[in-house]
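Q: Pasting a structure here, questions to come.
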Amino acid sequence: MSDYPHLLEPLNLGFTQLKNRVVMGSMHTKLEDRFYHYPKLAAYFAERAKGGVGLMITGGVSPNRAGWLLPMGGTMNTMGDALNHRLVTHAVHRHGGKILLQILHAGRYGYHPFSVSASPIKSAINPFKPRQMSDSEILSTIKDFARCAKLAKLGGYDGVEIMGSEGYLLNQFISRTVNQRTDRWGGDVEGRMRFPVEIVKAVRAAVGEKFIICYRLSLIDLVHNGNTMDEVVTIAKALEKAGITLLNTGIGWHEARVPTIVTSVPRAAFVGVTAEVRKHISVPIIASNRINMPDTAEKILADGQADLVSMARPLLADPDWVNKVATRRVDEINTCIACNQACLDHAFNNQRVTCLVNPRACYETELVYVKTRKPRRIAVVGGGVAGMSAATVAASRGHEVTLFEAQADIGGQFNLARVVPGKEEFHETIRYFRKMIEKTGVELRLNTSVSREDMEKQGFDDVIVATGVVPRQLKIDGANLPQVLSYADVLKGAPVGHRVAVIGAGGIGFDVSEFLLHPAGQPQPQPLADWEREWGIDPNPNYSTEGGLVRAQVQPPVREIFLLQRKTTSLGAGLGKTSGWVHRAQLNKHHVRMLRGVSYERVTSEGLWIIVDGQEQLLRVDTVVVCAGQESVRELMPAEGETTGAKYHLIGGAALAAELDAKRAIREGAELAARL
Ligand code: NAP
Ligand code: SF4
């Protein structure tokens with residue numbers, strides 16, 4: 001008997017069967033837009049099909065040019081397009097998987113001057129104002145969706161997903177704010193849903209009965225004036241009647257000011273609305289958003305809240321997720337930590353998507369770990385993420401690897417990150433590497449500082465220096481006073497006063513400010529009800545509030561905090577594209593005072609003296625926390641030209657502390673280990 005019987009149970013759709021309840025949700029990878037990238041796209045999906053995923057959904061492809069998200073985005077408009085896609089669908093079918101093509105019309109989210117929508121109302125997140133679609137354009141767009149689905153069938157897809165959520169075109173028609181039409185395509189909910197319902201009917205007529213039509217519906221808009229649950233249920237029932245096979249959950253519009261997928265969102269936070277809609281329909285429904293581990297997924301299914309679970313990012317992080325669940329290797333899952341740094345941030349920056357914890361994602365044909373025929377003796381010095389990545393990849397290839405860590409445990413900077421409220425997921429990465437160290441046979445030596453002499457004496461072939469960073473110290477008068485602490489001291493639990501100045505507003509300055517807003521010992525992760533209250537989400541899944549929004553209730557902060565930077569740009573401008581706004585909103589809500597263009601003068605018993613706009617000021621604070629970046633630690637590296645027995649390599653923060661981040665550290669470790 002499996003530990004996850006519901007998750008692994010097949011689902012019979014009548015004309016076809018899904019082998020389990022795991023759906024890989026749509027994620028635009030940037031490989032779908034050009035046919036010459038399809039070999040890479042095929043390898044990416046094939047690896048996940050091989051990993052046991054029951055059903056996968058591609059990134060969005062538009063049914064016509066007006067529907068492009070970006071100029072020259074991917075389309076499925078011609079026979080040639082369909083034939084090109086066969087490379088992808090065949091690769092998936094070879095491994096027993098099933099795949100749907102997502103049809104996405106961006107509407108007013110289209111980042112180009114030809115965008116269209118229900119009414120000519122600009123989105124707050126796009127400079128381009130859309131043109132209102134005419135009646136005949138609506139009718140021709142319905143045909144475009146049907147043609148696209150028919151071509152998808154020709155291209156070997158098992159079905160299509162019609163993207164009707166997250167604020168894209170079909171969602172815009174359903175919205176009473178964006179759809180202000182007075183013709184048959186607007187007005188009450190019957191009128192507003194007419195366009196998507198007609199699309200489903202036309203697609204069904206074009207593809208026949210034996211083809212999956214999944215519709216992604218916004219179950220909670222999280223925008224002002226959004227739909228109520230009554231309206232959502234009315235739409236879901238109409239879509240069912242029109243011929244859908246599956247209903248997928250969409251949560252929040254892209255312009256919603258409520259986080260829906262970042263790491264601080266509690267796991268399965270939105271499953272209540274899926275369960276609510278499930279009561280009213282008979283087609284299987286897919287739960288989505290912040291489901292990353294099998295216990296969460298199994299509980300959703302066992303409790304009857306959904307029929308399937310969708311995970312996009314978790315399957316980017318670990319293509320073998322399902323196989324590991326099926327073979328009782330859950331502790332080997334490389335868990336998605338919901339950081340968005342290498343996936344959504346890349347997609348929104350028009351870069352190829354990958355994964356911070358799995359640099360092979362979308363690089364399956366380029367970053368290949370082959371067994372070595374010449375095993376080498378490799379020392380890795382430093383048990384942070386760069387070192388652990390290098391050590392485990394090298395050992396998995398057959399090298400003899402010893403990992404030296406000066407501290408009592410592995411994890412490095414991730415041990416600091418995981419104590420920040422909302423970053424609890426980071427501990428999963430340490431758990432994963434701990435298991436991989438054991439599994440790949442890396443010899444781990446904790447509490448062991450090493451010198452060059454040690455390395456040379458032990459006769460290693462290679463020494464990988466991953467010794468990381470130390471916090472940069474402040475060089476002003478009073479910097480050595482006891483009330484001046486580094487971020488590392490604070491995150492390790494050093495006592496902090498009630499009025500605090502945080503110097504440096506990079507990722508860590510924001511994290512530390514957030515950490516200091518809350519009382520020590522606050523439950524982690526944050527209980528769902530508290531989180532919903534803080535972000536103003538209606539806790540009733542059968543919500544009658546518009547868009548599921550209520551007035552936010554913010555807990556008063558336990559400290560008064562000043563967050564400072566020398567630059568004159570907005571604070572937090574360098575944070576992640578899809579997560580930075582959440583951090584800024586959190587600090588603003590808790591009245592953190594943000595000052596820019598600051599120069600730091602001295603610290604005295606009265607507080608921190610600064611100059612802003614040419615004026616000297618005293619910030620009367622009890623504690624100054626320095627979050628001014630890091631400096632590399634690389635004493636182990638030989639000087640240039642120095643002769644050594646082993647070959648030395650430098651990676652991660654030890655190589656470059658500026659803009660140090662875990663994404664680069666893990667990738668550098670893996671790439672080096674793949675080459676050795
Ligand atoms: P950081 O992003 O480089 O920020 C440090 C800040 O300190 C700089 O923005 C700089 O701003 C200031 N600074 C630099 N030298 C200084 C000096 N001598 N005196 C006073 N201020 C100085 O570094 P971090 O915040 O330590 O973060 C390290 C890395 O971890 C980041 O690059 C990021 O990739 C990663 N991280 C990311 C997140 C996230 O939310 N995604 C969270 C945590 C960490 P001014 O010069 O303008 O004052
Ligand atoms: Fe998950 Fe971060 Fe990887 Fe994206 S980059 S899949 S959020 S771990």
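Q: Within the range 564-576, can one find any residue that is outside any loop (DSSP other than H, G, I, E, B), more than 16 Å from ligand 1 (Cβ to nearest atom) and modelled with pLDDT of 95 or more?
A: no
Q: Given (1) surrounded by fewer than 13 Cβ atoms within 10 Å (Cβ to Cβ); (2) farther than 21 Å from Leu474 by Cβ, where does Ala585 come up short, assuming only one miss?
A: Here Ala585 meets the rest and fails (1).
Q: Pull up the range 399-421, narrow it to residues that are more than 16 Å from ligand 2 (Cβ to nearest atom) and outside any loop (DSSP other than H, G, I, E, B), then point me to the one that is surrounded by the fewest Cβ atoms within 10 Å (Cβ to Cβ).
A: The extreme case among them is Glu400.
Here's the yes/no breakdown for (1) of a type in the set (S, T, N, Q); (2) in the same structural domain as Pro266 (by TED's automatic domain parsing):
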residue: Asn292; (1), (2): yes, yes
residue: Thr296; (1), (2): yes, yes
residue: Asp307; (1), (2): no, yes
residue: Ser310; (1), (2): yes, yes
residue: Leu316; (1), (2): no, yes
residue: Val322; (1), (2): no, yes
residue: Arg328; (1), (2): no, yes
residue: Cys339; (1), (2): no, no
residue: Cys343; (1), (2): no, no
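Q: A follow-up question, please. I'd like to know if the range 434-443 contains one or more residues that are closer than 25 Å to Gly645 by Cβ and either at pLDDT below 95 or in a loop (DSSP other than H, G, I, E, B) (or both).
A: Within the range 434-443, one or more residues are closer than 25 Å to Gly645 by Cβ and either at pLDDT below 95 or in a loop (DSSP other than H, G, I, E, B) (or both).
Q: Sort through Gln172, Gln180 and tell me the only one that's buried (at least 24 other Cβ atoms within 10 Å of the Cβ), more than 26 Å from Ile99 (Cα to Cα) and of a type in the set (S, T, N, Q).
A: Selected residue: Gln172, the only one of Gln172, Gln180 that is buried (at least 24 other Cβ atoms within 10 Å of the Cβ), more than 26 Å from Ile99 (Cα to Cα) and of a type in the set (S, T, N, Q).
Q: Right, here's the next one. Give the number of residues within the range 333-376 that are over 16 Å from Ala673 (Cβ atoms), of a type in the set (Val, Ile, Thr) and away from ligand 1 (no atom under 16 Å from the Cβ).
A: 4
Q: Starting from the range 280-296, take each residue that is in a strand (DSSP E or B) and list its partners that are charged (D, E, K, R), counting only C-beta distances under 6 angstrom and pairs at least six apart or across chains.
A: That search, which allows pairs on different chains as well, returns Ile285/Arg278; Ile285/Asp307.
A quick yes/no check of all residues on (1) under 28 Å from Ile138 (Cα atoms); (2) in contact with an Asp or Glu (Cβ under 8 Å, 6 or more places away or on another chain):
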| position | (1), (2) |
| --- | --- |
| Glu32 | yes, no |
| Pro39 | no, no |
| Ala42 | no, no |
| Arg48 | no, no |
| Gly52 | no, yes |
| Val61 | yes, yes |
| Asn64 | yes, yes |
| Leu69 | yes, no |
| Met72 | yes, yes |
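Q: With the structure loaded, tell me whether Arg584 is in contact with a Lys or Arg (Cβ under 9 Å, 6 or more places away or on another chain) and more than 16 Å from ligand 2 (Cβ to nearest atom) or whether it fails that test.
A: So Arg584 fails the test.
Q: Whether any residue in the range 86-107 is part of a helix (DSSP H, G or I) and more than 24 Å from Phe35 (Cβ to Cβ) is what I want to check.
A: There is at least one residue in the range 86-107 that is part of a helix (DSSP H, G or I) and more than 24 Å from Phe35 (Cβ to Cβ).
Q: While we're on this one: Residues that are charged (D, E, K, R), in a loop (DSSP other than H, G, I, E, B) and either assigned by TED's automatic domain parsing to the domain that holds Gly580 or at pLDDT below 95 (or both): does the range 233-256 have at least one?
A: Scanning the range 233-256, I find at least one residue that is charged (D, E, K, R), in a loop (DSSP other than H, G, I, E, B) and either assigned by TED's automatic domain parsing to the domain that holds Gly580 or at pLDDT below 95 (or both), so the answer is yes.
Q: Now for a different question. Just checking, which of Ala287, Ala302 is farther than 30 Å from Leu41 by Cα and of a type in the set (A, V, I, L, M)?
A: Result of the check over Ala287, Ala302: Ala302.
Q: Just one of (1) over 26 Å from the mean Cα position of the chain (by Cα); (2) over 25 Å from Ser115 (Cβ atoms); (3) not acidic (Asp, Glu) trips up Ser175, so point out which.
A: (2)
Q: Filtering the range 544-580 down to residues that are touching a residue at least 40 places away in the same chain (Cβ under 8 Å) and within 16 Å of ligand 2 (Cβ to nearest atom), which residue is nearest to Leu217 (Cα to Cα)?
A: Of everything passing the filter in the range 544-580, Thr578 is nearest to Leu217 (Cα to Cα).
Q: Sticking with this structure for a sec: Looking only at the range 21-59, which residues are surrounded by fewer than 23 Cβ atoms within 10 Å (Cβ to Cβ) and in a strand (DSSP E or B)?
A: If the condition is that a residue be surrounded by fewer than 23 Cβ atoms within 10 Å (Cβ to Cβ) and in a strand (DSSP E or B), then Gly59 is the only one that fits.
Q: For the range 360-373, give me the residue count where each residue is buried (at least 24 other Cβ atoms within 10 Å of the Cβ) and either within 12 Å of the chain's Cα centre (by Cα) or within 24 Å of Glu438 (Cβ to Cβ) (or both).
A: 1
Q: Does the range 508-518 contain any residue that is surrounded by fewer than 22 Cβ atoms within 10 Å (Cβ to Cβ) and polar (S, T, N, Q)?
A: No, there is no match, as no residue in the range 508-518 is surrounded by fewer than 22 Cβ atoms within 10 Å (Cβ to Cβ) and polar (S, T, N, Q).
Q: Of the residues Ala501, Ala505, only one is at pLDDT 95 or above, crowded, with 19+ Cβ neighbours inside 10 Å, out of contact with any Cys (no Cβ under 8 Å at 6 or more places or on another chain) and small (Gly, Ala, Ser); which?
A: Matching residue, one of Ala501, Ala505: Ala501.
Q: For residues in the range 317-356 being more than 8 Å from ligand 2 (Cβ to nearest atom) and of a type in the set (Gly, Ala, Ser), which is nearest to Arg48 (Cα to Cα)?
A: Ala326
Q: Right, here's the next one. Spot the failing condition for Thr448; the list is (1) surrounded by fewer than 18 Cβ atoms within 10 Å (Cβ to Cβ); (2) in contact with a Phe, Trp or Tyr (Cβ under 8 Å, 6 or more places away or on another chain); (3) at positive phi, and only one is missed.
A: (3)
Q: Of the residues Pro359, Pro314, Pro375, which single one is without any contact (Cβ under 8 Å) to a residue 60 or more places away in the chain and within 16 Å of ligand 2 (Cβ to nearest atom)?
A: On inspection, the qualifying residue turns out to be Pro314.
Q: Starting from the range 248-264, keep only residues that are free of Cβ contacts under 8 Å to residues at least 40 places away in the same chain, then list their pairs with residues that are surrounded by 22 or more Cβ atoms within 10 Å (Cβ to Cβ) and in a strand (DSSP E or B) whose Cβ atoms are within a distance under 7 Å, requiring at least 6 positions of separation or different chains.
A: Note: pairs meeting the criteria are Thr260/Ile251.
The values are calculated or read from the model by the stated rules, or taken from the named source; none is laboratory data. Source: prediction; values computed, not measured. Here the Cβ is made from the backbone with ideal geometry for all residues, glycine too, and neighbour counts use every protein chain on show.
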